[in-house]
Amino acid sequence: MAAALAAGALTGALVATPAQAAEYSSALKITGVQYDAPGRDSNSCTTGNTKAEFVTIKNYARTGRVNLKGYVVKDAVGNSYTFRANHYLEPGDYVKLRGGRGTESDSGNVAYRNNCNFIWNNDKDTIKLIKPGGAAADTHSYTKSANDRDGNGYITFH
């Protein structure tokens, strides 16, 4: 009986995982963010610099390619972008999701939010990558003072 209870307790311990562990079950990871576009912030679609603001997402799988269609990138207050077209990331491949308007290019590793407003805060924010079914794929928070020592507005996540 004691062995059965111990086995049950061990099974429960193996099943219980921290909520944070779910984010690492995905091959896709946020690897960097240009949260403060160079120059004076201007969200004008014709002369602004929102295209210079981007987040980089990489496929760390060894063998499988991932289709980004249905994935969502979201900030702390709920601004979001959903990949609506097929966009395939081969193992080791990445995509830069940029602000502004443009044409998504699978071969050019770029997607555009087709929105000229900035999404990432210049002082701090949280970036979430969410799978099509709603589960977390990856999450990164940053603060300008803690994570951007050279002050260039770009952070690489490890």
**OP:** Go through (1) open to solvent by less than 40 Å² (accessible area, probe 1.4 Å); (2) more than 12 Å from the chain's Cα centre (by Cα); (3) aliphatic (A, V, I, L, M) and name the single condition Val77 misses.
**Re:** (1)
Original post:
Which is open to solvent by 70 Å² or more (accessible area, probe 1.4 Å), of a type in the set (Phe, Trp, Tyr) and touching a strand residue (DSSP E or B) at 6+ places or on another chain (Cβ under 7 Å), of Tyr112, Tyr94?
Top reply: Tyr94
Subject >> Members of region 127-143 that are surrounded by fewer than 17 Cβ atoms within 10 Å (Cβ to Cβ) and over 14 Å from Lys29 (Cα atoms) >> reply: Pro132, Gly133, Gly134, Thr143
Original post:
Would you say Thr103 is of a type in the set (Val, Ile, Thr) and modelled with pLDDT under 95?
Top reply: yes
Original post:
In this structure, is Thr103 in a strand (DSSP E or B), surrounded by fewer than 20 Cβ atoms within 10 Å (Cβ to Cβ) and among the polar types (S, T, N, Q)?
Top reply: no
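The values are calculated or read from the model by the stated rules, or taken from the named source; none is laboratory data. It should be emphasised that the depicted structure is a prediction, and the values quoted were computed from it without experimental measurement. Don't worry about glycine lacking a Cβ; one is built from the backbone with ideal geometry, like all the others, and counts go over all protein chains shown. Side chains included, ligands, DNA and RNA excluded: accessible areas come from the protein's heavy atoms. Shrake-Rupley method; radii C 1.70, N 1.55, O 1.52, S 1.80 Å.
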